[in-house]
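Only one structure is covered here, and it is reproduced in the block below.
The values are calculated or read from the model by the stated rules, or taken from the named source; none is laboratory data. The shown structure was predicted, so the numbers you read here are calculated from the model rather than taken from an experiment. So basically every Cβ, Gly included, is an ideal-geometry build from the backbone, and we count neighbours across all protein chains shown. What goes into the accessible areas is simple: the full protein's heavy atoms, side chains included, and nothing from ligands, DNA or RNA. Shrake-Rupley method; radii C 1.70, N 1.55, O 1.52, S 1.80 Å.
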Amino acid sequence: MFGGGLVSSVPGNSPHLRKSGSRPVVFDIGELGNSGDEGFLHSLEVNEMKGVSSPLSSAVAIMPSPIVMWRFKVLLFFIWGFICSKIGWDSVMRMSVDLRDLFLYEAFLYYNPLLLVTMMVWLWGVNLWVFSQTNVNYAKIFELEQNHLTYQEIWKSATWMTIIVPTSMTAYLYLYSHGEVSLAASQPVLLYAAVAMLLIFPFDIFYLSTRYFFMRTLWRIVFPLQASSSLSAISFADFFLADILTSMSKVLSDLERSVCRMVHRQVATIAWFEADSVCGSHAVAIPVVLVLPYIFRLFQCLRQYKDSGEKTTLLNALKYSTAIPVIFLSALKYHVFPDRWTNIYRPLWLLSSVLNSLYSFYWDVTRDWDLSGFTRIFKFSKPNIFSHLLYGRKWVYLWVIGSNLVLRCTWTYKLSAHLRHNYLTVFAITALEMIRRFQWVFFRVEKEWNKMSSKTDVQLSMSNTSNEEDKLLDSNNYHV
C-alpha cells in the first residue's frame, strides 16, 4: 500500500510469535512502513534474546494449551457435580419422612425422560466415534448431508444436556424444600418449554440443518403412508430412528404424564397421586403413548411392503404387532375385576410377553444382524486398545446374544403399565434397554454397510463385464 515490496519473516523458532505446528509469522515491510518498523522488528528479536516479552508476544503467549483447558473444564464439571449433589441432598433431608418418597417420585418423573435422552445422546456419540475409527461411511448409510454432526459435536451437546437437566432438577428440589412452591413448579415447565423452542427455532443457530433433518424424519415416521410413491421416501434413517423410539416408549409415556401435570397445574403438588385422576398411573393415555412407536413402525413396514413387495417386511410388521397385546392386556388390570384379571387376562399377558420377547430376539439375531462372520465394525484403521479387545473376539458375540435375550425379556416389564409403580426399577430397565440398543446399533449399521458394499461390488463387476464385452465387439468389428 505504501509502495514497499520487501518481505521479512520472523524466525520460525520464536516461541512468542507462532504456536507449535503453525506457519511462520510474516511481516510485509512495505505494509509496516519505513526504517522505524524495521527497528521495531529488531527490538522484538533483541527482547526475545534478553528474555523480555513485548506486548505483542505476551498477547500470543498467554493462550493456554488444549490439555490445560480440558483439565480445567473437567475440574469445573466435578465441582459443579459436587455442588448440585450437596444442595439436592440437603434439600431432600429438610422434608418430612412421610412426604419425602412421594416428592422424589414426582421430581424423578419430571426429569428422568430428559436424563434418559441425555444418556442416549452420549451413547450415540460413542457409536459415531467407533464408525469414524473404522471408516464406516455412516453419512451415506443414513443419507446425511456433508455438514452433519460429528461425534465431537454430539458429545458437546450431551455435555450441555448433562449440565442443564441436573441443574434444573437441583433448583426444583431446593426451591420446593424452602417453601417456594410456585418457583419450584416453574422449573420443569421452563425446561420443557426451552427444549421445545430449541427444536423448532427457525434461525440458523445450534445446528439448524440437523434439527430440520431430525424433525423431518420424525414427520415421516408419524405419517409414513403420506410419503411419495418411491421406495426412497422411507430411508434407512427413518427405520432406524423409529426403532430407537420403540426403545424409548417409556420415556415418551413419562413425558406425556409430565406435560399432563403441567397443563393441569399439578406440578409440585400431590393431587395427581390419585391413581384414577387424569394424570394418574391408571390413566388411559399411558398405554396409548406406549403403543404409538410400535404403531408407527408397523405402518412403516406396511408401507415398505406396498413399495417393494417383499414378504419379509410383513414378518417384521408382525413383530411390532406382538407388542400391542402386551401393552393393552397389562393396562386392563385397572379396568376389570380382580378375579377376571387373575384367571383370564394375566395368563394372556404372560403368553403375549413371552411371544413378543422371543420373536424380537429371533429377529435381532437372524434379520437385523449379520453374524455369519467376525464383525468388521471394531476393526479400527489405527491401532487402538478397544479394537484389540473387541475385534475378532468370540466373547463379544456371546455377550451380545446373551445380553440381548435377557434384556428383551426384561423389556416386557417396562411395557406393562401395572408394573410401573416401582419407578427406580423401571428407570434401571429403561437404562439397560438404552445400552442394549446401543450395542444393537453397531451390528445393525454394519449389516447395512455390508449390503451397500455388496451392491457397489456387483455394480463394478457388471460395469467391468460390459466394458470387456464392448471391447470384444469392437475387436470383432475391426477384424471383419
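Figures for the structure shown
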{"item": "Qualifying residue in the stretch 345-352 (condition: in contact with a helix residue (DSSP H, G or I) (Cβ under 8 Å, 6 or more places away or on another chain), of a type in the set (A, V, I, L, M, F, W, C) and under 24 Å from Ala242 (Cβ atoms))", "result": "no"}
{"item": "Some residue of the stretch 167-177 being in a helix (DSSP H, G or I), aliphatic (A, V, I, L, M), more than 20 Å from Ile429 (Cβ to Cβ) and open to solvent by 60 Å² or more (accessible area, probe 1.4 Å)", "result": "no"}
{"item": "When residues of the stretch 341-351 are limited to those that are farther than 26 Å from Pro293 by Cα and modelled with pLDDT of 90 or more, the one surrounded by the fewest Cβ atoms within 10 Å (Cβ to Cβ)", "result": "Asn343"}
{"item": "Residue in the stretch 338-355 that is within 29 Å of Lys394 (Cβ to Cβ), in a loop (DSSP other than H, G, I, E, B) and not hydroxyl-bearing (Ser, Thr, Tyr) present", "result": "no"}
{"item": "Filtered residues of the stretch 304-331 (kept if open to solvent by less than 50 Å² (accessible area, probe 1.4 Å), without any contact (Cβ under 8 Å) to a residue 40 or more places away in the chain, farther than 14 Å from Trp411 by Cα and assigned to a helix (DSSP H, G or I))", "result": "Thr313, Ala317, Ser321, Leu329"}
{"item": "Residue check, Val354 out of contact with any His (no Cβ under 8 Å at 6 or more places or on another chain), of a type outside the set (Gly, Ala, Ser) and open to solvent by less than 70 Å² (accessible area, probe 1.4 Å)", "result": "no"}
{"item": "Top-ranked residue in the stretch 362-388 [being open to solvent by 40 Å² or more (accessible area, probe 1.4 Å) and not in a loop (DSSP other than H, G, I, E, B); ranked as modelled with the lowest pLDDT]", "result": "His388"}
{"item": "Elements of type helices (runs of 4 or more DSSP H) in the stretch 49-157, at least 2 residues being in contact with a Gly (Cβ under 6 Å, 6 or more places away or on another chain), modelled with pLDDT of 90 or more and crowded, with 17+ Cβ neighbours inside 10 Å", "result": "none"}
{"item": "Selected residue (criterion: modelled with the highest pLDDT) from residues of the stretch 208-255 that are part of a loop (DSSP other than H, G, I, E, B) and over 24 Å from Pro188 (Cα atoms)", "result": "Phe223"}
